[in-house]
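The values are calculated or read from the model by the stated rules, or taken from the named source; none is laboratory data. Please read all numbers here as calculations on a predicted model, not as lab measurements. Neighbour counts run over all protein chains shown; Cβ positions are idealised from the backbone, glycine included.
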Amino acid sequence: MLSDNPQIFSPEHFKFLSEKHLASYSKAEPFPHTLIDNFLPEEILNEVIDEFPEEGDLQWNEMENQKEKKTALQDQNFMNPAVQSILFKLNSSMVIKFLEKLTGIHGLIPDPHLWGGGLHQIKKGGHLGIHADFNFHPLLNLDRRLNLLVFLNKDWKEEYGGQLELWNKDMTKCCKKILPIFNRCVIFNTTDFTFHGHPDPLNCPEGRTRRSLSLYYYTNGRPLDELSDPHTTIFRNRPNDKSQKNTRDMLINRITPPIYHDLLRIYNIYGDKNASNKPLDFLKTILKRFIPKWSKF
């Protein structure tokens, strides 16, 4: 019988995992999800760790504000072969079939652009506020339905923090905290109310970072009870969180249109930092994707 410690990246292994976790996935609280330890062959992830870009490398996109302080890398041109290979496999037909059987979401489509996903890394003091994810892919015009995270942190201790928190719909209770240990996979549905994050500053030693692979999957359409207008990340405060915004920030937020903040955040995640006219052209491109009538301007 197959175990949770696979020796090969095989259809049999993923069939075993889908059957093992199928019954509990849809019943999980506060929203459908599962946690799988020893998800992939250890030797594969060891190669990924060996080739993982260092925190000081220039290609990382840095995001820092009151709600998040993290770095991300989507451009596969800056990834080494082992990293490219594992991302390719996690977007393969074999994994898609596993995810469809596990979640009951059919017609899943992987994202070759790794929009918002790819490699994530958080330094000491970093955080990611509780949020619901962006719900629409502006390049593929598809609905985001599913997240798959694989953590890459060996010998990660509880006191380092960085636990992935899952919150209920009305943001009154944290229902689960998941330690981001090596080769732990978390899979969960994404809707406007699947609130998650790790909002407390990371307390790991200097030189350590919280690393993960993040892959998102889409469908052409979604259930009627999940429909909403396209939006970027929706952040929410926990019951005891205090606003950290100063008077200047509050004034700026009140006098600038919400779409400006959304588009600026998208640019910070995925824009070409080397382009000479980077913000204007990139924001025009995104506007054309979200608002077709913008194309005539």
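The rows are residues; the columns are (1) in contact with a His (Cβ under 6 Å, 6 or more places away or on another chain); (2) closer than 30 Å to LYS242 by Cα; (3) of a type in the set (A, V, I, L, M).
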{"position": "LEU22", "(1), (2), (3)": "no, no, yes"}
{"position": "LEU35", "(1), (2), (3)": "no, no, yes"}
{"position": "GLU51", "(1), (2), (3)": "no, no, no"}
{"position": "ASP57", "(1), (2), (3)": "no, no, no"}
{"position": "GLU64", "(1), (2), (3)": "no, yes, no"}
{"position": "GLU68", "(1), (2), (3)": "no, yes, no"}
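Scanning segment 98-127 for residues that are outside any loop (DSSP other than H, G, I, E, B) and β-branched (Val, Ile, Thr) yields THR103, ILE109, ILE122. Here segment 32-52 is the region considered, the condition is being of a type in the set (S, T, N, Q) and within 28 Å of CYS174 (Cα to Cα), and the residue that is surrounded by the fewest Cβ atoms within 10 Å (Cβ to Cβ) is ASN38.
Within this structure, VAL95 passes the test of being modelled with pLDDT of 95 or more, of a type in the set (Val, Ile, Thr), part of a helix (DSSP H, G or I) and more than 18 Å from ASN153 (Cα to Cα).
Residues in segment 2-10: is at least one hydroxyl-bearing (Ser, Thr, Tyr) and either modelled with pLDDT under 95 or touching a Lys or Arg at 6+ places or on another chain (Cβ under 8 Å) (or both)? For segment 2-10, residues hydroxyl-bearing (Ser, Thr, Tyr) and either modelled with pLDDT under 95 or touching a Lys or Arg at 6+ places or on another chain (Cβ under 8 Å) (or both): present. Within the option set GLU29, GLU19, being part of a loop (DSSP other than H, G, I, E, B) and either within 27 Å of CYS175 (Cα to Cα) or modelled with pLDDT of 95 or more (or both) holds for one residue only, GLU29.
Out of segment 75-98, which residues are under 16 Å from the mean Cα position of the chain (by Cα) and more than 15 Å from VAL48 (Cα to Cα)? Within segment 75-98, ASP75, ASN91 meet the criteria. Contact map, segment 174-201: residues that are farther than 24 Å from LEU108 by Cβ and free of Cβ contacts under 8 Å to residues at least 12 places away in the same chain paired with residues that are surrounded by fewer than 21 Cβ atoms within 10 Å (Cβ to Cβ) and of a type outside the set (A, V, I, L, M), Cβ distance under 8 Å, separation 6+ or inter-chain. No pairs are found. When the residues of segment 64-92 are filtered to those that are assigned to a loop (DSSP other than H, G, I, E, B) and touching a helix residue (DSSP H, G or I) at 6+ places or on another chain (Cβ under 7 Å), the one that is surrounded by the most Cβ atoms within 10 Å (Cβ to Cβ) is GLN74.
Take the conditions (1) at pLDDT 90 or above; (2) out of contact with any strand residue (DSSP E or B) (no Cβ under 9 Å at 6 or more places or on another chain); (3) not in a helix (DSSP H, G or I); GLY56 misses just one of them, which is (1). Could you please let me know if TRP167 is under 18 Å from ARG236 (Cβ atoms), aromatic (Phe, Trp, Tyr) and within 19 Å of the chain's Cα centre (by Cα)? Spelling it out, TRP167 is indeed under 18 Å from ARG236 (Cβ atoms), aromatic (Phe, Trp, Tyr) and within 19 Å of the chain's Cα centre (by Cα).
Quick check on ARG254: is it among the basic types (Lys, Arg), part of a helix (DSSP H, G or I), at pLDDT below 95 and within 26 Å of PHE88 (Cα to Cα)? Here the answer is no, as ARG254 does not meet what is asked.
Each residue in segment 210-229 was checked for being surrounded by fewer than 16 Cβ atoms within 10 Å (Cβ to Cβ) and assigned to a loop (DSSP other than H, G, I, E, B), and 6 of them qualify. Output the qualifying pairs, or none if there are none: Cβ atoms under 7 angstrom, residues six or more apart or on different chains, first residue in segment 210-222 and touching a residue at least 24 places away in the same chain (Cβ under 8 Å), second residue part of a strand (DSSP E or B) and of a type in the set (Phe, Trp, Tyr). Between residues of segment 210-222 that are touching a residue at least 24 places away in the same chain (Cβ under 8 Å) and residues that are part of a strand (DSSP E or B) and of a type in the set (Phe, Trp, Tyr), the close pairs are SER212/PHE151.
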